[in-house]
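The values are calculated or read from the model by the stated rules, or taken from the named source; none is laboratory data. Since the model is a prediction, treat every value here as computed from it, not as a measurement. Every residue, glycine among them, receives a Cβ derived from its backbone with ideal geometry; neighbour counts consider all protein chains shown. Please note that ligands, DNA and RNA were not included when accessible areas were found on the heavy atoms of the full protein model with its side chains. Shrake-Rupley method; radii C 1.70, N 1.55, O 1.52, S 1.80 Å.
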Amino acid sequence: MSTTASSRSVVDLSGCPVIDDHCHGFRVAELLDRDPDGWEDRLTMMGMCAASSGSDDPRIAAQIRSLRDETMFALTCRRWLAGFLRAPAESAALAAARHAAFCAEGAGYVARLLADQHVVAVIADDGYPRPAVTRAEFEEALGARRGADGSVRGTAVYRIARIEPWVAELQDRGLSFSDFEAAFEARLDEAAADPLLVGYKSIVAYRTGLDVGAPTRAETAAAYEAWRASGWVDDRGPGKTVRDSLLRSTLGAARRHDRVVHLHVGGGDPDIVLAHARPQDVFPLLHDHMDQPVVLIHGGYPWMTEAAYIASILPFVYVDLSEFLPWASLGADRELEMLLGVVPAGKLLYGSDEASEPEVFWVAARLARAALERVLSGAVERDHVTAAEAGRIGRGVLAGNTARLHGLEIGSGG
Ligand SMILES: [Zn+2]
């Protein structure tokens, strides 16, 4: 049974496949090791961010717990999951029912959530968590089975390779600049040998900011020596020059290997360099690579209007909706309406930014599907588009656009 209430919508997207263009891997055994009563905290933006920024402060954890019942998103998850599990919509009872189901079914529980929302494929950013969950491990955690011919029963996992862990790994080796540069290029090329690698990812917004310069090779070499002498301090001095140069090399590799670049743009967890994380900061870099596909991961959230404007004038800039969906919660409709109006809808890509618990996949897909139905139905009622056009646009945002951009096959989900 689908849990999407779309019976009154002019635009009905129930049953429509979903491809999640941005999420993070997990292993079922590790999820089951966590405190079962904390799952609601880990679902929220604040709880997930505390984990991803490495916080273990008990005062922060207690504050997140105390906000649980006042967080719209947490309350929605509680209500919806209670319906899915036929359990009471009360925190402790639901946590127990959820833990029992997850323990009993393992990856089968994850698969059941994904199947309910027709999530047929996901693109996993391998940079978080660390050590990396491999693509194959994650596919197993989602309860999928891949046949010898490559066909997948369940939710297929594609990989996006993050460049920053490569930089950290190479820093530890004490290389000369030319060896560092060659080793980084080799990483880019080796990754592209994997047919299930759909692109490269950078989180330079978490390191030195999105205002990426265009240093010459000589400037980069000099900056590298200064950066190494500093003990690899990530301020906006020499380290920034080197990181900017490496990101430009990455765009070169993406062109060479016909891959997409995913760039974290906008807010994130508390480690973000917020003063240099806006879409406008990265505009010069995007402008320099106008004919190359670049996805603004998180769509610049909370500066989505800036991202929308950029995607409306630069033909190959795409807008990922993750983070905003699902955590904007009630605010989803308003921003979706703006984005659908401003950006060619074929460049809007559904994503969840799941980075904690499997229910994020399920809630995000359900929330996005319903919000798209409402917003697109409104567009039909106001005579902007026909119902058929609106349905096509909605299906594109949920799956088709990501599949086309990254060269994925859309399966039935098994
Ligand atoms: Zn993410």
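Summary of computed values
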| item | result |
| --- | --- |
| Helices (runs of 4 or more DSSP H) fully within segment 309-414 counting 3 or more residues that are under 30 Å from M46 (Cβ atoms), over 15 Å from the mean Cα position of the chain (by Cα) and more than 16 Å from the ligand (Cβ to nearest atom) | 332-342, 359-381 |
| Single residue of segment 343-374 satisfying the filter (of a type in the set (K, R) and touching a residue at least 60 places away in the same chain (Cβ under 8 Å)) that is surrounded by the fewest Cβ atoms within 10 Å (Cβ to Cβ) | R374 |
| Scope segment 257-278; condition within 16 Å of the ligand (Cβ to nearest atom), of a type in the set (D, E, K, R) and surrounded by fewer than 17 Cβ atoms within 10 Å (Cβ to Cβ); matching residues | D271 |
| Check on D288, more than 14 Å from the ligand (Cβ to nearest atom), in contact with a helix residue (DSSP H, G or I) (Cβ under 9 Å, 6 or more places away or on another chain), open to solvent by 10 Å² or more (accessible area, probe 1.4 Å) and closer than 29 Å to E190 by Cα | yes |
| Pairs with Cβ under 6 Å, 6+ apart, first in segment 253-271 and within 26 Å of A191 (Cα to Cα) and of a type in the set (D, E), second away from the ligand (no atom under 12 Å from the Cβ) and open to solvent by 10 Å² or more (accessible area, probe 1.4 Å) | none |
| Only one of D37, D41 that is touching a helix residue (DSSP H, G or I) at 6+ places or on another chain (Cβ under 7 Å), exposed (fewer than 14 other Cβ atoms within 10 Å of the Cβ) and either among the acidic types (D, E) or under 23 Å from A328 (Cα atoms) (or both) | D37 |
| Test: residue in segment 54-74 that is away from the ligand (no atom under 16 Å from the Cβ) and touching a Phe, Trp or Tyr at 6+ places or on another chain (Cβ under 8 Å) | yes |
| Restricting segment 103-157 to residues that are within 16 Å of the ligand (Cβ to nearest atom) and part of a loop (DSSP other than H, G, I, E, B), the residue that is surrounded by the fewest Cβ atoms within 10 Å (Cβ to Cβ) | R130 |
| Candidates D189, D211, D281 - the one that is surrounded by fewer than 22 Cβ atoms within 10 Å (Cβ to Cβ) and either in a loop (DSSP other than H, G, I, E, B) or among the hydroxyl-bearing types (S, T, Y) (or both) | D211 |
| Any chance G299 is away from the ligand (no atom under 16 Å from the Cβ) and either in a helix (DSSP H, G or I) or polar (S, T, N, Q) (or both) | no |
| Out of L321, L340, L336, sole residue that is within 16 Å of V11 (Cβ to Cβ) and open to solvent by less than 10 Å² (accessible area, probe 1.4 Å) | L336 |
| Scope segment 165-186; condition charged (D, E, K, R) and in a loop (DSSP other than H, G, I, E, B); matching residues | D172, R173 |
| A218 vs. criteria farther than 28 Å from R135 by Cα, part of a loop (DSSP other than H, G, I, E, B) and either touching a residue at least 40 places away in the same chain (Cβ under 8 Å) or small (G, A, S) (or both) | no |
| Residue match in segment 174-194 (condition: more than 16 Å from the ligand (Cβ to nearest atom) and under 27 Å from M304 (Cα atoms)) | no |
